[in-house]
Structure formats: C-alpha cells, structure tokens
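**Student:** Provided herewith is a single structure, encoded as structure tokens, for subsequent inquiry.
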Amino acid sequence: MDIRIRTAEPSEYAALGELTARAYLDDGLLDYGESDPYLPVLKDVAARAAAAEVLVAVAGDRVVGGVTFVPSGGPVADIARPGEAEIRALAVVPDARGRGAGEALVRTCLERARSTEGCTAVVLSSQRSMHAAHRLYERLGFVRTPERDWNPVPHLDDITLLTYQLTL
C-alpha cells in the first residue's frame, strides 16, 4: 500500500474525527461506547489541530489514518514533560491496518520530534488491550515506562493507561 503522510486539512477534520472515533468504538476501547465522555474528544480534530499538529495517512485519495503530534506540551498533551513531544489519538481504518499506515504516522512523528529544538524524547499513552500498537511502538524503539502509567478517569479504578517513551 502506497502511504503518504501529510498535515490534515481543515476540510478533513470531521471525517478524521469519525475515523478515529469509529476505530476506538469498533475496537472496544471506549468503556461506555457511544456514551463515553472521551468520544467527543476523539471527534474534535479541530481542537487538536489548534494546539498541535494533526497528521493523516493517505492511500490514493483516501484518508486511512491519523495521529496528533504534540511537539512541546500544551493543552492536548497528557503526559509530556518539558523537552518531550507526545503522540496522541493514533487511529487507522481496519482495511489499512498491518499495511504500514500506523508505522508511517509514528515514524513521521519521530522525525518531527527530532527536528524540534530541545526535544529529547517522545512519549505516549496506550490502553492495555492495544497489543498491535504496543508491538509497533516497541519495534520502533519505544520502551515501557510503568512509573508514568496513569488513570485518565480517577474515579474509576480499572482504567490505567500504559506509557511508553523513546529517547531521541
């Protein structure tokens, strides 16, 4: 599959938001399904794009995936510390999975981080059940940082996000 990575265009935000939401819903990653409070956040690509860089994977003329690259903290960063970039909301449509779209998106984030002055590491959070993503991250050199694992919904004990870091 010939994949191109580029910055998302505003005309693509709604479709990318739906793609991302659908990926999380269909993979069973939202505990409350269509009522999950994180669903509107996933759909709001415009908000992420206002505070970070949203990238898309394109095959032919079709957007098949997306990711948010946060170069240096800010309102859409969850765990980045000073000098760290963060990857958020990686999603790929089912028929493009295993064909390089997710890897190309993550590699592009790493290239962006390497070209960001003062950036020494890239961090991300992942749900326990995202095994294919974990394999991708580890293959690219990310290591688990269990001391940084966290719960985005503190009043629910059973939600812990795993964290990864790649030192540049």
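**Student:** Can you pull out the residues in the range 89-108 that are open to solvent by 30 Å² or more (accessible area, probe 1.4 Å), outside any loop (DSSP other than H, G, I, E, B) and either in contact with a Phe, Trp or Tyr (Cβ under 8 Å, 6 or more places away or on another chain) or not basic (Lys, Arg) (or both)? I'd like the intermediate steps shown before the answer.
**Tutor:** Narrowing the range 89-108 to residues open to solvent by 30 Å² or more (accessible area, probe 1.4 Å): 90, 94-95, 97-100, 103, 107.
Still in the list and also outside any loop (DSSP other than H, G, I, E, B): 90, 94-95, 103, 107.
If the condition is that a residue be open to solvent by 30 Å² or more (accessible area, probe 1.4 Å), outside any loop (DSSP other than H, G, I, E, B) and either in contact with a Phe, Trp or Tyr (Cβ under 8 Å, 6 or more places away or on another chain) or not basic (Lys, Arg) (or both), then LEU90, PRO94, ASP95, GLU103 are the ones that fit.
**Student:** On to the next question. Kindly provide the set of residues from the range 109-168 that are open to solvent by 40 Å² or more (accessible area, probe 1.4 Å), of a type in the set (A, V, I, L, M, F, W, C) and modelled with pLDDT of 95 or more, ordered by number.
**Tutor:** VAL143, LEU168
**Student:** While we're on this one: Quick one: which residue in SER35, SER72, SER11 is open to solvent by 50 Å² or more (accessible area, probe 1.4 Å), of a type in the set (S, T, N, Q), touching a residue at least 24 places away in the same chain (Cβ under 8 Å) and farther than 20 Å from SER126 by Cβ? Break it down into steps so the answer makes sense when it comes.
**Tutor:** Details: SER35 fails: touching a residue at least 24 places away in the same chain (Cβ under 8 Å); SER11 fails: touching a residue at least 24 places away in the same chain (Cβ under 8 Å).
One residue alone meets the criteria, SER72.
**Student:** Now, a different point. Could you check, for the range 12-22, whether at least one of its residues is modelled with pLDDT under 95 and of a type outside the set (Asp, Glu)?
**Tutor:** Residues of the range 12-22 modelled with pLDDT under 95: none.
No; the residues of the range 12-22 include none that is modelled with pLDDT under 95 and of a type outside the set (Asp, Glu).
**Student:** What number of residues in the range 75-88 are in a loop (DSSP other than H, G, I, E, B) and buried (at least 24 other Cβ atoms within 10 Å of the Cβ)?
**Tutor:** Adding up the residues that qualify gives 0.
**Student:** Let me ask you something else. Is it true that some residue in the range 49-69 is out of contact with any Phe, Trp or Tyr (no Cβ under 7 Å at 6 or more places or on another chain), more than 15 Å from GLU18 (Cβ to Cβ), modelled with pLDDT of 95 or more and part of a helix (DSSP H, G or I)?
**Tutor:** yes
The values are calculated or read from the model by the stated rules, or taken from the named source; none is laboratory data. Bear in mind the structure is a predicted one, so any value in this text is a computation, not a measurement. Glycine also receives a Cβ, built like all others from the backbone with ideal geometry; neighbour counts cover every protein chain displayed. The accessibility values were calculated without ligands, DNA or RNA, using every heavy atom of the protein model including side chains. Shrake-Rupley method; radii C 1.70, N 1.55, O 1.52, S 1.80 Å.
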